[in-house]
Every structure is written in C-alpha cells, then in structure tokens.
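What follows is a single structure, written as structure tokens, with notes after it.
The values are calculated or read from the model by the stated rules, or taken from the named source; none is laboratory data. Keep in mind the model is a prediction, meaning the values are calculated, not measured. All Cβ positions, even for glycine, are placed from backbone atoms using ideal geometry, and neighbour counts span all protein chains on display.
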Amino acid sequence: MQVCLCTINELAQVVLVKFASKPSSILIKKLDILIIRSFIGPFIVTFFVSLFVLAMQFFWVYMDELIGKGLGMWMILQLLFYMSATMVPMALPLGILIASIMTFGALGESYELVAIKSAGISLLRFMRPLLLVIIALGGFAFLFNNNIIPVANLKALSLLYDLRNSKPALNIRAGQFNRDIENFAIRVGEKGKDGHTIKDVIIYDHTSGFGNDNVVIARQGDMIPVAKKQILVFRLQDGWRYDDEAIHGGMQNYEQKRIYFRKWDKVFDLSSFKLSRTNEDLFKGAYQMMNLRQLNEGIDSLHRDEKRIYKNVSSYLGPYLTYGFDAKEPADMTKRIEAAQTHIRYDSSFLTYVTDSLRSKVIDLASTQMRNAKGLLDITASDKLIKDENFIKFNIEWHRKFTLSFACVLLFLIGAPLGAIIRKGGIGMPMIIAISFFIIFHIFTIVGEKLAKSGAMVPWMGMWMATGMLLPIAFFLINAARKDSQIFSKEWYLRMWNRTRKLFTKR
C-alpha cells in the first residue's frame, strides 16, 4: 500500500512540476486535449463494432426469408447499408457507454485520475470537455434521427418488403417436380455436372386450365438461359408432344395429337422471378418515415379528425332518434336526452299506446332504425380506435427523436463514473458492465414503448421511462466516483466478508 501511495504522490508531483511554470489555463487545456484524445479512439472502434453487430443481428433474423431467392451481392449490400443507417441511433449510445467506461477505466488503472485529483482538479471538471463533446454528438444524433432516419427507413423497409415478397430463384433438381414457373410442372430425371445438360425430361403444361392436356417427354436436352436470365429455353432432343384438343366445340369429346420431334425448343418466361420494386410513395404515410415537422402535421390532423368524429355522431343519429341531436359533444347529447325524458312520462311501456294493427310495424321500424344507428356507431368507433392508435404511434415517434439523443448524454454520465470506479481498461470488465447497463436501458425502453402503445401510459411517460429510471443511478455513480467509492472493488467486498465472518465467529 505504501508503494502505491508513493507512486501516486510521485505522479502528482510530476503533473504539478511539469505545468508549474505554465498558467493554470494551459494545464486545463492540456488535460482537456488528453481526455478527448483518449476517448476518440475507443469511441470510433466501439461505435463501428456495435453498428456491425446490430446490422448482423438484423441479417440473421431475416436470413431465412432472403436466402434462395437469387439476390445479387449489390442488393444485399444495399439492404445492409440502409439497415445499418437505421441502427445508428442505437449503436451511438452503446458506443459512447463502452468508450467512456474504457477511457476512464484506463485512466484510473494507470493512476492518472488519482494524480489529476491530487493536482486539485475535480472529476467533474475533468469530465466537462468530454461532456461537451457528447452533447454535440447528441445534437448530431437528433439531426440524424430527424433527417436521415426517415429516409433510411423508407429505403430499407420498402426494399425489405420487395425482397421478402419476391419469388425464390428457379432451381430445377433431378428427380423432383418443380412448379416454380406458373402453369408448368417440370421433372428432370438426371442433371449433368455442367448444370445445363438434362435427361429424361417431362413437362406438364397447364396453361389451358384443363389439367394435363399438354405433355412433353424428351430423352435429353439442354437448359439455356437467355436475355439476362429473363427467358429459359429447353432445347429438347428425341421426344414426343401429346396434345388433347376438344373437337366440334364440345367439352366431352377430345382429340389427342402425338407429335414426334428430333429437336424442339420450349421457351419459358422468367420475368416473374425478376425483383420488382414497389413505389416508395406507398410507404411515406407511415410514422417511421416522418420527421418532426411531418409528425406535428400528422398529430394536428388527427386532432382535427377527432373533433370531426364527435360532430358527425349527431348527424348520424339525427334521422333515427326523436330528440334533436344538434349538440357538438356526447356529453351535451346525454344532457339533452335527460332533459327530454323529464317532460315525457309513461305509466307503462310505450307500446301499450300503439294500436294492435300498428304494433308489429312500429317494432320492426324501431329495430331497423336501431340496427342502422348501431352500424353507423360501430363504424365510427372503429375509425376512432384506429385514429387513437395512430395518434399514440405518432407521439411515440415524436418523443423517440429526443430520447435516443438524450440517451447519448445519459449513458456517458453512467459510463464515465463507472470507469473511474472500476479502474479497469481494455475490453474485459468494462465491456461486460457496459453491455449490462445498455441491456437494462434497452429493456426499459421497450417496456415503456409497449406500455405507451397499449394505452397503459401516456406516450411521453412511456418513452422517457428508461431515462427517468437510469438518471438517478447516473447521479449516484457520479457522487460515488467523486468520493472514490469502492463499490466495484473486489478487495472491498472481501474485507467486508471477512469482517462479517469474524463477527459471527466470535459470537
């Protein structure tokens, strides 16, 4: 312990002697540059590693739906690029958290933090330059979320939709019937090693819609793709064609034709296997593809639609009810009904005042009107429910623009004091702790979003729930780091355990 104290004191003296002849402002600037340089390297590495891991996670989720469709490398790279752009808001806070723990952990492990504190510089002052950098990164994250993410979501989700709905690549295997080409069933007995030579070929043509009325059988042939693989030609040799045709326009009498050929070309159109891109304008109405301005316009539009629905209810019910429903709100309608009921009193059922000859007609008419009114109200209620769900989703996306940006600052406030406390650099302990805190943050974020979507929480509360729960932990860790707490020191826990064990042993 004495050696460590000597080393710390010597390091502090070196810092003080080195900058003794210079103004304190120069000392501070040197330390600011030191901490920023120490952070930039680990941050760049951890950010791109996190982005790569998140992008690969997406790829493995959808791999089963993309493999086997003959997609080119350019199409896969394009999809990964767009999806990687959508992962930036999640990779950025994770990269900041890991890099901050690694940076301050390395400084603490080499006793540079202790030397800096001995020089009279507080931890908060030492964190200030990095905090300013992180706030700038948070501003960049907000601009990225607001301007780039909507475009990336539009490109990525529209491309993913087209790829998932595209047909698998044509793969004719020996000994199996292949029905990938519409209205055709093809069987090849043997397939050469070159991939083109085929033998014992059977082709059932169902284009007429009357079953196997056209059949082609050949001993051998070649598969020849032409026109950039948009057309497939079966150049068959030594075979027969069997055609069944209805004679005299009847459906019961058929005439079969059998034609022998030495060489014959059967042409298949493969244009349906080509990837067709959907118009991106069809996806622009989704809330994921909107920036703040568009989200605000959408929220205002939903507000206006909600008021319009209340006004329309009175016009819907007016033809079916005897009371004048000219009120603007449902509460006003209820008051009008209660007021009208106080003026009309019946000793028994209203039907007793209707003659027997008209009673059934009155009942049928009333039932019909109530069914019509109920149908209109059900449609209105469904429309209101859809608009309420859209209103919640729009508000969730609006708050997401800010929560992911503030997450950069929050996770830095957690990572920096954690690194100062654990005093371990590298990618061992810092990586484990960083990933643990990020998983906790991500779980709270997902839970809050689910609660907001279900209506159990208002959108702003659900989206800021993770931040509200972790912010006190950040302040606690900062206070513990200022006091050189040993909450992550293994020796401290061993000493506490030994003291507790000795206490029980004596008793």
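Run down Lys424, Lys387, Lys374 and say which single residue is modelled with pLDDT of 80 or more and either in the same structural domain as Trp464 (by TED's automatic domain parsing) or loosely packed, with under 13 Cβ neighbours inside 10 Å (or both).
Working: Lys424 fails: modelled with pLDDT of 80 or more; Lys387 fails: either in the same structural domain as Trp464 (by TED's automatic domain parsing) or loosely packed, with under 13 Cβ neighbours inside 10 Å (or both).
Sole residue among the options that is modelled with pLDDT of 80 or more and either in the same structural domain as Trp464 (by TED's automatic domain parsing) or loosely packed, with under 13 Cβ neighbours inside 10 Å (or both): Lys374.
Go through the residues of region 153-165 one by one and say whether even a single one is more than 26 Å from Ile96 (Cβ to Cβ) and free of Cβ contacts under 8 Å to residues at least 12 places away in the same chain.
Yes.
Taking region 83-123 as the search range and keeping residues that are surrounded by fewer than 21 Cβ atoms within 10 Å (Cβ to Cβ) and touching a Lys or Arg at 6+ places or on another chain (Cβ under 6 Å), which one is farthest from Ile33 (Cα to Cα)?
Step by step, filter region 83-123, then rank; the result is Glu109.
Restricting attention to region 388-430, which residues are under 30 Å from Tyr310 (Cα atoms) and of a type in the set (Val, Ile, Thr)?
Listed by number, the residues that qualify are Ile392, Ile396.
Please specify each residue of region 186-228 satisfying the condition of being surrounded by 14 or more Cβ atoms within 10 Å (Cβ to Cβ) and within 43 Å of the chain's Cα centre (by Cα).
Matches in region 186-228: Ile186, Arg187, His206, Met223, Pro225.
Filter region 198-221 down to residues that are modelled with pLDDT of 80 or more and in contact with a strand residue (DSSP E or B) (Cβ under 6 Å, 6 or more places away or on another chain), then give me how many there are.
16
Can you find a residue that is within 24 Å of Gln256 (Cα to Cα) and of a type in the set (Gly, Ala, Ser) anywhere in region 182-195?
yes
Of all residues in region 427-466, count the ones that are surrounded by fewer than 18 Cβ atoms within 10 Å (Cβ to Cβ), in contact (Cβ under 8 Å) with a residue 40 or more places away in the chain and among the small types (Gly, Ala, Ser).
Of the residues in region 427-466, 1 are surrounded by fewer than 18 Cβ atoms within 10 Å (Cβ to Cβ), in contact (Cβ under 8 Å) with a residue 40 or more places away in the chain and among the small types (Gly, Ala, Ser).
Checking Met457 against (1) in contact with a Leu (Cβ under 8 Å, 6 or more places away or on another chain); (2) assigned to a helix (DSSP H, G or I), which test does it fail?
Looking at each condition in turn, Met457 falls short on (2).
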